[in-house]
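Structure, as structure tokens:
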Amino acid sequence: MSGQPVIPSVLSASETETNVTSETTFSYTVYGEIPTAQTAFEEEHFLGGSLNSRWNTFLANYTHEYKVEVGLSHSGTEIIKPRIYHAVMRANKYVKKSLKKKSMSSEEAILALTHILDCANVICFEEGTTALEEAAQEAKTGEEVLALFQKVKLVRM
């Protein structure tokens, strides 16, 4: 199953409002644990530890690489839910810069990215995430992405 996306055991999701406002929250129900992907090549996350498996699961779930048989000699990459993917990448970049500037502690960074990656790994397989995807696209800075994901709640059953 190496390199295959992991489908989390998520059975229901609801966006509490259809029009995204500053008060909108997004709630997703998770039954059991969020599975991690078993990848052939694991990429080391800059914060290490438990974020490595979450980061590799995120990459495996959101990116699919295909070999191009005709024409160009390289492979193509498909991104699932690109607005969420790019928002997570912006948040990751923001956290990395904040750590270098010492405006965020490593504990705060780990907590923030753990929540964001858990949310992203659940959202990947959910239907009806249009409002969240639109909000993610509107979040232009890493700080705005962090604020957006603070409004995402994972309800564990």
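The values are calculated or read from the model by the stated rules, or taken from the named source; none is laboratory data. Treat the numbers as computed from the prediction; the structure is a model and nothing was measured. Cβ: placed from backbone, ideal geometry, glycine included. Neighbour counts: every protein chain shown.
Listed values, structure above:
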quantity: Failed condition for Asn92, given (1) within 18 Å of Ala136 (Cβ to Cβ); (2) of a type outside the set (A, V, I, L, M, F, W, C); (3) over 12 Å from the mean Cα position of the chain (by Cα); (4) surrounded by 14 or more Cβ atoms within 10 Å (Cβ to Cβ); calculated: (3)
quantity: Looking only at the stretch 123-136, and only at residues there that are farther than 18 Å from Phe58 by Cα and not acidic (Asp, Glu), the one that is surrounded by the most Cβ atoms within 10 Å (Cβ to Cβ); calculated: Ala135
quantity: Search result, residues across the stretch 31-51 that are surrounded by fewer than 16 Cβ atoms within 10 Å (Cβ to Cβ) and among the polar types (S, T, N, Q); calculated: Gln38, Ser50
quantity: Residue under evaluation Leu113, criteria (1) touching a Gly at 6+ places or on another chain (Cβ under 7 Å); (2) surrounded by 19 or more Cβ atoms within 10 Å (Cβ to Cβ), criterion not met; calculated: (1)
quantity: Residue, farthest from Leu146 (Cα to Cα), within the stretch 70-102, restricted to residues that are small (Gly, Ala, Ser) and modelled with pLDDT under 95; calculated: Gly71
quantity: Whichever residue in the stretch 15-30 is surrounded by 15 or more Cβ atoms within 10 Å (Cβ to Cβ) and either part of a loop (DSSP other than H, G, I, E, B) or at pLDDT below 75 (or both) and, among such residues, is nearest to the chain's Cα centre (by Cα); calculated: Glu15
quantity: Meets criteria (crowded, with 18+ Cβ neighbours inside 10 Å, among the aliphatic types (A, V, I, L, M) and touching a Gly at 6+ places or on another chain (Cβ under 8 Å)) for Ala87; calculated: no
quantity: Breaking point among (1) touching a Ser or Thr at 6+ places or on another chain (Cβ under 7 Å); (2) in a helix (DSSP H, G or I), for Glu65; calculated: (2)
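Residue by residue, here is whether (1) in a helix (DSSP H, G or I); (2) in contact with a helix residue (DSSP H, G or I) (Cβ under 7 Å, 6 or more places away or on another chain) holds:
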site: Ala60; (1), (2): yes, no
site: Glu78; (1), (2): no, no
site: Arg90; (1), (2): yes, yes
site: Lys100; (1), (2): yes, no
site: Met104; (1), (2): no, yes
site: Glu133; (1), (2): yes, yes
site: Ala136; (1), (2): yes, yes
site: Leu146; (1), (2): yes, yes
